[in-house]
Amino acid sequence: MKYKKAIFNYILPLVLISLIVSISTSTIKLVHESSTYQLRTSTISKLESTIAALDIWVKKSYFQAQSIASSEYIYEIVANPKALIKSKISRATIGEYLLDVIVLNDNGEIIFSSDENALGQELYASSIDFWNNARSTKTPFLQKPFINTIDVGGSYKQMFIAAPIYDETSTFSGLVVLVYDPTRVLREIFDYAKMGESGEVYAFDGSGLILNDSRFDDHLRDIKLIGMNESSGLKLRLFDPGKNLIEEQNREFKKTEFTLMVRSALNFGNGENFEGYRDYRGVPVVGAWRWLDRYGIGIAAEVDVDEAYRGKNLLNENFTKIFLLLGVFILLYIFYNYEESKLRESIEATNKLLKQKNLEIEQFFKTVSKHVLISKTDTRGVITYANENFEKASKFKESELIGKNHNIVRSDFHGKDFFKEMWDTLKSKKVWHGIIMNKAKDESHYWVDTTITPILDDHGKIKEFISVRTDVTNTKEIEQALKKAKRDAERLAKMRSNFIANVSHELRTPLNAIIGFLNIIKEGVKEPQILEQVQTVCDASENLLEIINDILDFSRIEEGEVKVVQIKTDLEHMIQDIYRLYKIKETEYVKLILTTNLQHRTVLFDRVKLRQIISNIVGNAFKFTPRGTVEIKIDQTIQDAYYCDLEITISDTGRGIPEDKLFTIFNPFKQVEDEDVMTESGVGLGLAIVDSYTKILGGSIVLDSRVEHGTTFKLKFKNVKLSADEDIKVVEEFDISIVKGKKALVVDDNMINLKMMRATLEKVGIDVVLEQNPLNTEKLISDNQFDIIFMDQLMPQMNGTEVVTELRKEFDKLPPVISLSASTTIEDLKIFHEKFDEVLSKPLKRKDLEYVLKRLFKKS
C-alpha cells in the first residue's frame with residue numbers, strides 16, 4: 001500500500017512532467033522549423049520577384065534605347081548634330097524617371113541632350129570599361145548606378161541604359177544613352193518587395209557600395225553613418241560594425257570588413273542565412289541574396305531577427321509559460337502530497353511523544369511534589385487542590401483546605417498594597433513571584449518563595465491559578481541574622497572610623513603646637529649644638545606625623561574610601577619638589593640623584609597619591625641605605641597626541657631585601673626584619689600604601705632586590721592622559737611687607753594652638769586676636785576690623801564650618817576665612833573647600849601658611 005501511494009503521489013507526476021517536456025520540446029522544434037521554412041520561402045520569393053521586376057524594367061529600357069539607336073533619324077543627328085529633331089526623339093523616349101536622352105559621337109562627345117546645357121561635354125569619358133563595352137557589343141547594356149561628374153537632369157546620381165549606333169557600313173558611330181535616376185528607379189522596383197516593418201531589399205556593387213536609398217536613412221543619420229543632409233544611396237558602404245550601433249552609446253568602429261552578406265555575395269554569388277547575422281547597422285537580421293553578373297550588382301532581401309521570428313518567439317514564450325505553470329502545478333501537487341505525508345507522520349510521532357511526555361510530566365509532578373508546596377485555586381482564590389507538603393507546612397488537613405479561601409494561611413506581616421500588586425499582576429495574565437510570610441494552623445509563621453501562574457482556557461480567559469512554593473523559612477532566618485551582623489559590622493566600622501578620626505585629631509593637635517613652636521625656636525637659635533638638638537626633635541615630630549598619616553591613609557584604604565582625583569600635574573615640578581624635600585637628608589655617605597626624561601611635563605593624574613607613592617619609597621631607601629646612593633628616575637614614552645606611558649624607577653645601594661621577603665614586603669605592618677621595628681621608625685604601612693595606591697591608579701610595581709646590593713622599584717603607569725604644558729612660574733620668596741600690619745582673628749578651643757598661631761603670625765608682622773569660644777566670634781567681628789580669620793574645625797560649642805555658615809548669613813562681606821583642621825578625609829576636605837576661602841592642615845607648615853598669605857595679600 002505504501003509503495004502504491006508513492007507511485008501515485010510522486011512517480012506518475014514526474015512521468016507526466018517528462019511527457020510534457022518532451023511534447024513541448026518537439027512542438028517548439030517543429031514550430032521553429034516551420035517558421036524558418038515559411039520565412040525562407042517568403043524571403044526568397046520576394047527576392048526572386050524583385051530580380052524579375054528589375055529584369056523586366058531593364059529589358060524595357062533596352063528596347064527603348066535600341067529603338068532610338070536604330071531609328072531613321074538617329075543618323076541625321078550623328079551626321080548633323082544641330083538638326084532640330086529633338087521632338088522626334090522626345091516622342092520616341094517617353095518613360096518614367098528618365099533624366100535625359102543623350103546621343104554621343106564616337107569620340108564620347110555629347111551631340112544631343114534633352115538638357116541642352118550638356119551639349120559638347122564628355123559623358124563618362126574616363127571609364128575605359130564603359131567604352132570598351134560600348135564598342136564591343138551590338139546590343140544594349142546597363143551601366144550600374146554611379147555618381148557622375150556632370151549634372152544631368154538635376155542629378156549627379158545616374159544609371160545608364162546604353163545602345164550602340166552603327167552606320168550603313170556597320171561602323172560604330174556613336175551611342176544612345178538613357179540616363180535614369182537610380183534611387184527612384186530602384187525604389188519603385190524594390191518597394192514592392194518590402195517585408196514588414198523592418199524588411200528591405202537593396203542593391204550593392206562589387207565595392208560594397210549600396211546603390212539605392214535605405215529605408216533606415218533616419219537611423220543612419222542618428223548613428224552618423226551618413227551626414228544629416230545625405231541619403232545612403234551611392235554613399236554608404238556595407239561594413240560590419242561588430243556591434244549594434246542603434247543600442248550602443250559608443251558608435252566608433254573600424255571599417256575594415258564587409259557584412260557577412262556582402263562577403264558571401266562577392267565570394268560565392270548566391271546565399272542565405274536564417275539564423276542571424278549583423279547588417280550594416282549592426283542589427284541582427286536574416287535574409288537571402290543574389291549576385292547578378294549580367295548587371296555587375298548584387299541584390300539582398302533582409303528583415304530584422306526580432307520581427308522575422310516574432311511569432312515563433314511568442315509561441316515559445318507561451319509554451320514556456322504553459323510548461324512552467326504545469327510544472328509548478330505538478331510540483332505543488334507533489335509538495336502537497338509530501339507535506340501531507342510528513343504532517344501525518346509528524347502527527348503520529350507527536351501523539352506518541354505526547355503520551356510519553358504525559359507520563360514524564362506525571363512522574364515529574366510526583367517528584368516535584370515531594371520537595372515543594374503546590375496548590376490550585378479558582379479565580380476567586382478558593383483552594384481546589386493542595387499537595388502533601390502544603391498540608392505539612394500549613395499544618396491543615398486536606399479536608400480543612402479544599403473549598404476554603406487561600407486567606408486561611410495569610411499572616412498580617414504584609415500590607416494591603418502587597419496583595420493588591422499581586423492580584424493586579426495575576427489579573428493581567430502575568431506570572432507573579434515573591435516571598436511571603438504565611439501563618440500555620442498553630443499560629444506559627446513560615447516563609448515561602450512563591451510563584452503563581454494564571455492558567456488560561458481556550459478563549460484566553462483565566463480559569464484557575466497554580467501556585468508553586470518553596471519553604472525558605474531557614475534561609476529567611478539566616479538572611480535576617482546576616483542583616484543584623486552587617487548592621488553590627490557597619491556600626492563597628494563607623495565607631496572605628498570615628499575613633500581613628502578622633503585619635504588623629506587628638507594626636508595632630510598637640511603635634512601642631514610642637515612642630516609650630518619648634519620651627520619658631522629653630523629660627524631663633526644660633527648655637528650649632530642647640531640647633532642640632534632642636535632639629536632632632538623636629539625630625540622626631542615629623543616621623544610621628546608620618547606614622548599618623550600612614551595609619552589614617554591605610555584606614556581609608558581598608559574602608560574603600562579612597563577616590564582618584566585627576567588634576568593637572570606638572571611632573572617636572574612635582575619630582576623636583578620631592579627631590580628638594582629629600583635632598584636635605586643627604587649625608588657625606590649617602591647621596592640623592594635625580595634623572596628626568598620628560599617630553600611633555602603636564603598630565604592629568606592624581607598628584608597627591610603619586611607624590612605619596614614616590615615619597616614613601618624614597619623615604620624607605622634613605623632608611624635602609626647607610627652608604628651609597630638613592631636614585632630617582634622618571635621616563636616618559638609618548639603614545640600619540642593624547643596619551644603617554646610613565647615609568648618611575650627608585651633604586652638604592654642599601655642592604656637589600658631577602659628573596660623570601662619579596663612576596664610579603666607589601667603586606668601591612670610588615671618589616672624586612674623583626675628587629676627593624678625596634679631600630680627604624682615607622683609601623684610597616686608605607687609599602688602597603690604604595691602597593692594599594694599604585695593599583696588604585698591603574699599602575700604596576702616591579703621589585704628587584706639583592707641582599708647587600710640594593711633594591712629597585714619600578715612603577716609603570718599606562719595610558720596617562722596628556723594635558724597642555726604651561727609655563728611654570730618661579731616661586732617667589734615670601735615678602736613679609738605684604739602682610740605687615742594686617743590684623744588676624746584666630747578661633748580655636750585649644751589655648752596651646754592659639755599661642756602657637758600667635759607666635760607664628762606675629763613672626764611675619766601680623767597683629768593677632770585670640771578667641772577660645774566660637775560663640776563670641778560674631779561680636780569680635782562686629783567690634784574689630786580684621787583682615788583675615790583663622791578658624792579651627794573641631795570645637796565643643798560649634799564646629800568651624802557651622803560658625804562660618806552663620807557668619808556669612810549675618811555679614812554681607814567677610815574677610816578671607818581660613819580653615820584649620822587635623823582631618824584629612826576627602827569628605828571633610830571637600831566641605832572645607834566649599835565653605836572657606838583657603839584650607840590649611842594641622843600640623844601647620846610655615847611654607848603652606850606663606851603660600852596662602854601670598855595668594856590673599858599679593859601686591860597689585
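Miscellaneous remarks
- The Cα atoms of the range 370-476 define a convex hull whose projected area, averaged across directions, is 6.7 nm².
- In this calculation the C-beta distance from THR425 to THR256 is compared with R0 = 60 Å, giving a FRET efficiency of 0.10.
- Here GLU275 and LYS321 are evaluated by their C-beta separation; at R0 = 30 Å the FRET efficiency comes out at 0.75.
- Estimated translational D of the range 563-722 in µm²/s (Stokes, Kirkwood radius over Cα pairs; 10 °C; 1.306 mPa s): 98 µm²/s
- Net lengthening on full extension, LYS813/ARG706 (0.36 nm per residue, minus Cα-Cα): 32.2 nm
- Percent of C-alpha pairs per 5 Å bin in the range 736-858, short distances first: 2, 11, 23, 27, 22, 12, 3, 0.
- The range 838-860 residues near the modelled ASP735 label - backbone nitrogen below 18 Å, point 7 Å along Cα→Cβ: 850-860
- Nearest-20 debye value, the range 749-796 charge dipole, Cβ charges on Lys, Arg, Asp, Glu: 180 debye
- Flagged links, alpha-carbon separation over 22 Å, of LYS763/LYS845; LYS355/LYS397; LYS441/LYS484; LYS568/LYS695: LYS355/LYS397; LYS441/LYS484
- Length added when fully stretched, ASP645-LYS591, from 0.36 nm per residue minus Cα-Cα: 16.6 nm
- For the range 563-722, with +1 on Lys and Arg beta carbons and -1 on Asp and Glu, the positive-most of ILE593, LEU715, LEU610 along the dipole: LEU610
- Nearest-20 debye value, the range 184-307 charge dipole, Cβ charges on Lys, Arg, Asp, Glu: 520 debye
- Charge dipole (debye, nearest 20) of the range 736-858; +1 at Cβ of Lys and Arg, -1 at Cβ of Asp and Glu: 660 debye
- Efficiency of FRET between GLU230 and SER18 - r from beta-carbon atoms, R0 45 angstrom, step 0.05: 0.15
- Note on the range 184-307: lysine pairs with Cα distance below 17 Å, sequence gap of 8 or more or different chains, count 7.
- Centre-to-centre, using Cα atoms only, the range 42-63 and the range 582-606 are separated by 117 Å.
- Of the peptides 60-69, 158-167, 478-487, 574-583, the ranking by mean beta-carbon count within 10 Å, highest at the top, reads 158-167, 60-69, 574-583, 478-487.
- Inter-label distance for GLN480 and TYR73, nm, one decimal - labels placed 7 Å from Cα along Cα-to-Cβ: 15.0 nm
- Per-peptide packing, taken as the mean over residues of other Cβ atoms within 10 Å, places 828-834, 49-55, 342-348 in the sequence 49-55, 828-834, 342-348 from highest down.
- Translational diffusion of the range 584-652 was estimated from the Stokes-Einstein equation, with Rh taken as the Kirkwood radius over Cα pairs; at 4 °C and 1.567 mPa s the coefficient is 96 µm²/s.
- Highest-first arrangement of 298-304, 589-595, 714-720, where packing means the average Cβ count within 10 Å: 298-304, 714-720, 589-595
- Distribution of pairwise C-alpha distances over the range 184-307, 5 Å bins, in %: 2, 12, 21, 27, 23, 11, 4, 0, 0
- Where labels lie 7 Å past Cα in the beta-carbon direction, separation of GLU109 and THR629 in nm: 12.9 nm
A short reminder: the numbers here are calculations on the coordinates, not readings from a lab. Everything numeric in this text was worked out from a predicted model, so none of it was measured. Note that we place each Cβ from the backbone using ideal geometry, even for glycine, and neighbour counts take in every protein chain shown.
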